[in-house]
Amino acid sequence: MPQVPVAQLKDYIGKELGHSEWLTVDQQRVNQFADCTGDHQFIHIDAEKAAQTPFGGTIAHGFLSLSLLPMLSGDLMVVPEGTRMGVNYGLDSLRFIQPVRVGSRVRLGLTLIDAYEKNPGQWLLKARAVMEIEGSEKPAYIAETLALCVL
């Protein structure tokens, strides 16, 4: 994560921080997520049954798509200089707009919305995260994420 001087952090508010590399969401990843979470609904793991649905094939779990956020945002999100640790502080909002079909490529776009010192040495960062699906006008999701950075 790029570190910037605390005094310059406000300069990034409202600015798009960029896009991640594209990532292919394959069936193996979906199956592993199903095993990890116990969510084995057929639309995620049974290609034959899922082909009969309006999705036309298997789709990633919405929470799988969301769980890719830390990995895809790692090189994008700016944090205050001297950050020793960052933790997920939650979400202010999340909307799943369109499912991610298995085999699709996704990437994350990130915009810093707010940054303020919550407590001495603790900065709360709010970002707008949009997971794009290659070749689609609609994103997979739009989320307002919160991260707490400890200096």
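Tell me which residues, restricted to region 10-33, are assigned to a strand (DSSP E or B) and surrounded by 13 or more Cβ atoms within 10 Å (Cβ to Cβ).
Selection gives GLU16, LEU17, GLY18, HIS19, LEU23.
Residue-wise test of (1) in contact with a His (Cβ under 9 Å, 6 or more places away or on another chain); (2) within 17 Å of LEU110 (Cβ to Cβ); (3) without any contact (Cβ under 8 Å) to a residue 24 or more places away in the chain; (4) of a type in the set (Val, Ile, Thr).
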site	(1), (2), (3), (4)
LYS15	no, yes, no, no
ALA34	yes, no, no, no
SER67	yes, yes, no, no
LEU76	yes, yes, no, no
ARG95	no, yes, no, no
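In the set ILE45, ILE59, which member is of a type in the set (A, V, I, L, M, F, W, C), closer than 22 Å to ILE142 by Cα and either out of contact with any helix residue (DSSP H, G or I) (no Cβ under 6 Å at 6 or more places or on another chain) or surrounded by 14 or more Cβ atoms within 10 Å (Cβ to Cβ) (or both)?
Residue meeting the stated conditions: ILE59.
Looking only at region 34-41, decide whether some residue is in contact with a Phe, Trp or Tyr (Cβ under 6 Å, 6 or more places away or on another chain) and either surrounded by 14 or more Cβ atoms within 10 Å (Cβ to Cβ) or on the phi > 0 side of the Ramachandran plot (or both). Please lay out each step first, then the result.
Step one: filter region 34-41 for residues in contact with a Phe, Trp or Tyr (Cβ under 6 Å, 6 or more places away or on another chain), giving none.
No; the residues of region 34-41 include none that is in contact with a Phe, Trp or Tyr (Cβ under 6 Å, 6 or more places away or on another chain) and either surrounded by 14 or more Cβ atoms within 10 Å (Cβ to Cβ) or on the phi > 0 side of the Ramachandran plot (or both).
Working carefully through the options ALA60, ALA115, find the one that is among the aliphatic types (A, V, I, L, M), at pLDDT 95 or above and within 15 Å of the chain's Cα centre (by Cα).
Unique residue meeting the criteria: ALA60.
Step by step: first the residues of region 42-83, then only those that are of a type in the set (Val, Ile, Thr) and in a loop (DSSP other than H, G, I, E, B), then the one that is farthest from GLN27 (Cα to Cα). Which residue is that?
THR83
With respect to ALA143, determine if the residue is part of a strand (DSSP E or B), modelled with pLDDT of 95 or more and within 25 Å of VAL30 (Cβ to Cβ). Working first, answer last.
Numbers: part of a strand (DSSP E or B): yes; modelled with pLDDT of 95 or more: yes; within 25 Å of VAL30 (Cβ to Cβ): yes.
So ALA143 passes the test.
The values are calculated or read from the model by the stated rules, or taken from the named source; none is laboratory data. Everything numeric in this text was worked out from a predicted model, so none of it was measured. Neighbour counts are summed over all protein chains in view; Cβ atoms, including those assigned to glycine, are modelled from backbone coordinates with ideal geometry.
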